[in-house]
Amino acid sequence: MPKAKVLLVDDHAVVRMGVRALLEAEEDFEVVGEAGSGLEALEGVRRLSPDFVLMDITLPDMNGLEAMAKIKEAALGTRVVILTMHEDQDYFFRAIQAGADGYVAKGGGSENILAALRAVRENGVFLYPSLAKSLVAEYMQKGETSQEKSLSDRELEVLRLIGEGLGNKEIASRLGISVATAQTYRTRIMEKLGLHTVAELIRYAIRKGIIRP
């Protein structure tokens, strides 16, 4: 598999330097550029066509959420992972509604940054585990519609693990099943709920009032 191209966006050079060192030590990522503002991020996406933009929310001239919305509007296929100091749900919901593919807290450790990029590359979305777990727990407690009631006990268990931020390999290991079976459960859950990604699951929960933004 070719290296994933990453554009780093943060207004603090020391943060960009640290994240660059982290990614360049891995075999599956290549940092193709850096930006210190929202406008620089947009120019970098157009010029470099990265696979990922790893971006802070608080930026000069245009915040990360506005920049992300414009990146998504351009439909270039670039995935955006938010890396931020903001851990409150308000920023998270705004990011998801703007189209974020992942949301990682800066205080969560470097392993979460790598996990986020790899999870997004494989499964389409990543939320830092503590937040994902609490959101899915709220979703599971609602359990009132016929779609939600149609999930089997095993599917509910898989859904909880997805909420903890686990990918298919980790779910398979935890439950003692094959990776293919874990993927089958994931697909079946989303089909029963009429959804395709964890991000859509969260948007659904917001619309239904299961989670309040």
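Every residue in the range 142-166 that is in a loop (DSSP other than H, G, I, E, B), under 30 Å from Ile113 (Cβ atoms) and modelled with pLDDT of 75 or more, please.
Result: no residue meets the conditions.
Going through the range 22-37 one residue at a time, which ones are under 19 Å from the mean Cα position of the chain (by Cα) and closer than 20 Å to Met68 by Cβ?
If the condition is that a residue be under 19 Å from the mean Cα position of the chain (by Cα) and closer than 20 Å to Met68 by Cβ, then Leu23, Phe29, Val31 are the ones that fit.
Scanning for something under 18 Å from Ala35 (Cα atoms), surrounded by fewer than 23 Cβ atoms within 10 Å (Cβ to Cβ), at pLDDT 90 or above and basic (Lys, Arg), does the range 94-106 turn up at least one residue?
Among the residues of the range 94-106, not one is under 18 Å from Ala35 (Cα atoms), surrounded by fewer than 23 Cβ atoms within 10 Å (Cβ to Cβ), at pLDDT 90 or above and basic (Lys, Arg), which makes the answer no.
Return the pairs, sorted by first residue and then second, in which the second residue is of a type in the set (S, T, N, Q), the first residue lies in the range 1-17 and is within 18 Å of His86 (Cβ to Cβ), the beta carbons are less than 7 Å apart, and the residues are 6+ apart or on different chains.
Cβ pairs passing all conditions: Asp11/Ser37.
Which residues, counting only those in the range 2-25, are part of a loop (DSSP other than H, G, I, E, B) and either under 14 Å from Ala116 (Cα atoms) or among the small types (Gly, Ala, Ser) (or both)?
Going through the range 2-25, the residues part of a loop (DSSP other than H, G, I, E, B) turn out to be 2-3, 10-12, 25.
Within the range 2-25, just Ala25 meets the criteria.
The values are calculated or read from the model by the stated rules, or taken from the named source; none is laboratory data. What you are looking at is a predicted structure, and each value in this text was computed from that prediction instead of being measured. Cβ: placed from backbone, ideal geometry, glycine included. Neighbour counts: every protein chain shown.
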